[in-house]
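Engineer: The following block contains the structure, expressed as structure tokens.
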Amino acid sequence: MPETILILDLGSQYTQLIARRVREKNVYSEIVPHTIKASEVRARSPKGIILSGGPASVYDHGAPTIEKGLLDLGVPVLGICYGLQLGAELLGSKVAAAPEREFGRTECSFDTSCDLFKSLKEHSVVWMSHGDRVDDLKGDFRAIARTASSPQAAVQHRTRPFFGVQFHPEVAHTEQGGSILENFVRGICGCKGDWNLGDFIDLETRKIRDQVGEKGRVICGLSGGIDSAVVALIVDRAVGERLVCIFVDNGLLRQGEVASVEAAFRPRFGNRLRVVSAAERFLERLRGVTEPERKRREIGHEFIAVFKEAAQGVEGARFLAQGTLYPDVIESLAAHGGPTATIKTHHNVGGLPAELGFELVEPLRFLFKDEVRALAKTLGLPPALVRRQPFPGPGLAVRCLGEVTAPRLRVLAAADAIVQEEFEKAGLLERIWQSFAVLLPVKTVGVMGDQRTYEEVCALRAVDSQDGMTADWVRVPYDLLQVVASRIVNEVRGINRVCYDVTSKPPGTIEWE
Ligand code: XMP
């Protein structure tokens with residue numbers, strides 16, 4: 001095992017961020033439920049323990065707690081917000097509602113003689129989110145940071161390796177948060193910081209082998225995107241011949257997408273890559289459907305039916321590998337739940353329901369998108385796949401407004417290919433979140449040569465975003481718009497007018513449907 005920091009999840013929305021920040025310091029971290037036994041922690045020999053924040057008050061009935069023996073292991077502990085209050089209470093202090101609550105941006109002063117704040121600037125902004133505070137009646141703790149309303153914005157126990165911060169060092173708004181966590185994991189816990197993504201792959205490979213056993217067979221649904229591609233490569237390392245990948249060609253993909261998936265995976269997987277050509281089935285299902293939500297539902301149901309049939313052809317497969325990422329993991333039930341920690345996952349359109357009866361293998365469930373991109377590079381995925389912009393599960397159908405028919409899909413795919421090509425040439429494709437064409441069910445009059453035309457309108461959409469939740473339209477150079485527009489109108493029969501979408505999200509969404 002690599003040098004490990006264990007993060008006990010007490011229900012904070014930031015628990016994953018703590019794990020990520022620690023990994024950024026090249027130290028392996030793992031999130032475990034707060035109900036973990038001290039004996040189990042001892043057996044795992046972590047270099048340090050972090051107690052996350054959480055929404056409860058330690059004096060609430062049934063508030064999440066930890067086994068007190070965890071604080072007696074001699075392993076350094078850092079409590080963050082609720083984690084600080086819980087640790088302090090277990091070590092004999094009282095926690096009560098603070099006279100003044102602190103939320104958001106707060107000026108903080110640090111005692112830089114303390115190892116936790118070594119080499120920091122003495123004053124900087126921290127991000128607070130708390131209504132309780134510790135009353136250290138016995139004087140066991142030494143204050144090592146203060147704000148205008150918190151004389152003990154951070155504390156250090158006088159005799160034990162216990163540190164606590166009332167603020168959140170893991171969030172980007174805490175200016176020196178990264179350095180504080182680095183001081184904890186490297187300086188105080190003594191981690192060397194020699195862990196890297198290659199180690200992550202090895203570790204997940206071993207975990208998958210343990211989960212799947214000697215004989216288990218695994219199915220992986222490839223989508224053409226980076227997440228499922230990375231999952232397939234990791235599972236392949238773990239179980240080799242016992243992995244079968246299924247790629248459903250739903251006829252709603254971008255131009256050249258089936259070929260690029262074949263090119264990337266056929267050499268490696270041979271006939272373990274099964275491409276299911278189901279375009280006609282999807283089109284049939286979409287016949288006459290124009291309402292956006294119904295389109296998504298029909299596509300989702302058809303996908304499940306097609307995938308199920310394909311999976312039945314893989315004898316003895318009991319496991320399904322999926323590219324679930326942390327943003328898909330919406331709720332940790334561990335914080336307030338019983339001793340068995342469950343991570344509840346949700347899957348957007350294109351995901352598969354539990355009724356299919358597979359046991360899930362989800363090696364990326366604690367990772368963020370940029371970490372997956374880094375993994376993809378380490379695994380040697382082709383650069384074009386690594387840089388690929390997100391593409392929605394229902395594919396071109398939600399960009400083909402009105403009825404989805406084979407001829408209209410061909411028109412849209414051709415226009416979209418021009419957008420991709422020109423944005424790539426302009427060096428924009430990798431720098432922005434998404435750029436694509438939308439086909440509108442609106443005909444307008446035009447003139448080409450001496451001929452009157454009466455064809456559909458194409459909208460261009462290019463947006464920048466961190467996570468798809470909010471987005472702004474990209475100020476694309478006019479010259480690029482001009483080239484794209486004139487190529488589409490000249491080269492794509494069926495479109496005679498191009499518009500550019502200048503709506504941010506909110507109020508618009510990124511996709512038009
Ligand atoms: P919206 O349109 O909601 O899109 O602003 C936000 C991001 O999510 C992608 N998207 C989807 N991805 N299945 C997916 O896998 C879907 O059903 C889906 N709908 C939207 C969209 O491309 C954008 O990046």
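Engineer: Of all residues in segment 415-455, how many are out of contact with any strand residue (DSSP E or B) (no Cβ under 6 Å at 6 or more places or on another chain), within 18 Å of residue 511 (Cα to Cα) and at pLDDT 95 or above?
Structural biologist: Final tally of qualifying residues: 3.
Engineer: Now, a different point. Select from segment 359-375 the residues that are among the β-branched types (Val, Ile, Thr) and either more than 15 Å from the ligand (Cβ to nearest atom) or open to solvent by 10 Å² or more (accessible area, probe 1.4 Å) (or both) and list them in ascending order.
Structural biologist: 361, the sole residue that qualifies.
Engineer: Would you check if there is a residue in segment 472-487 being within 15 Å of the ligand (Cβ to nearest atom), open to solvent by 30 Å² or more (accessible area, probe 1.4 Å) and either without any contact (Cβ under 8 Å) to a residue 40 or more places away in the chain or part of a loop (DSSP other than H, G, I, E, B) (or both)?
Structural biologist: yes
Engineer: So residue 468 clears everything in (1) at negative phi; (2) surrounded by 14 or more Cβ atoms within 10 Å (Cβ to Cβ) except one condition, right? Which one?
Structural biologist: Every listed condition holds for residue 468 apart from (1).
Engineer: Mind checking which residues of segment 238-260 are among the hydrophobic types (A, V, I, L, M, F, W, C) and closer than 24 Å to residue 404 by Cα?
Structural biologist: Residues satisfying the conditions are 247, 248, 252, 253, 258, 259.
Engineer: If you don't mind, another one. Exactly one condition in (1) under 24 Å from residue 421 (Cβ atoms); (2) modelled with pLDDT of 95 or more is not met by residue 465; state its number.
Structural biologist: (2)
Engineer: Moving to a separate point now. What number goes with the only condition from (1) without any contact (Cβ under 8 Å) to a residue 24 or more places away in the chain; (2) under 15 Å from residue 396 (Cβ atoms) that residue 253 does not pass?
Structural biologist: (1)
Engineer: Give me a count of the residues in segment 86-109 that are in contact (Cβ under 8 Å) with a residue 60 or more places away in the chain and either touching a helix residue (DSSP H, G or I) at 6+ places or on another chain (Cβ under 8 Å) or under 25 Å from residue 44 (Cα atoms) (or both).
Structural biologist: Of the residues in segment 86-109, 4 are in contact (Cβ under 8 Å) with a residue 60 or more places away in the chain and either touching a helix residue (DSSP H, G or I) at 6+ places or on another chain (Cβ under 8 Å) or under 25 Å from residue 44 (Cα atoms) (or both).
Engineer: Any residue that is more than 16 Å from the ligand (Cβ to nearest atom), open to solvent by 50 Å² or more (accessible area, probe 1.4 Å) and either among the aromatic types (Phe, Trp, Tyr) or within 30 Å of residue 370 (Cβ to Cβ) (or both) - is there at least one of those in segment 411-418?
Structural biologist: No, the conditions are met nowhere in segment 411-418.
Engineer: Something else about it: Please go through segment 1-52 and give me each residue that is of a type in the set (A, V, I, L, M, F, W, C), open to solvent by less than 30 Å² (accessible area, probe 1.4 Å) and within 19 Å of the chain's Cα centre (by Cα), ordered by number.
Structural biologist: 7, 18, 19, 22, 31, 32
Engineer: Let me ask something else about it. List the number of the failed condition for residue 186; all other conditions in (1) at pLDDT 95 or above; (2) more than 25 Å from residue 22 (Cβ to Cβ) hold.
Structural biologist: (2)
Engineer: Residues 509, 503: which one is within 16 Å of the ligand (Cβ to nearest atom), hydroxyl-bearing (Ser, Thr, Tyr), loosely packed, with under 15 Cβ neighbours inside 10 Å and on the phi < 0 side of the Ramachandran plot?
Structural biologist: 509
Engineer: Restricting attention to segment 376-399, which residues are within 11 Å of the ligand (Cβ to nearest atom) and open to solvent by 10 Å² or more (accessible area, probe 1.4 Å)?
Structural biologist: Those that are within 11 Å of the ligand (Cβ to nearest atom) and open to solvent by 10 Å² or more (accessible area, probe 1.4 Å): 389, 390, 391, 392, 393.
The values are calculated or read from the model by the stated rules, or taken from the named source; none is laboratory data. It should be emphasised that the depicted structure is a prediction, and the values quoted were computed from it without experimental measurement. As a convention, Cβ positions derive from the backbone with ideal geometry for all residues, glycine included, and neighbour counts pool all protein chains shown. Side chains included, ligands, DNA and RNA excluded: accessible areas come from the protein's heavy atoms. Shrake-Rupley method; radii C 1.70, N 1.55, O 1.52, S 1.80 Å.
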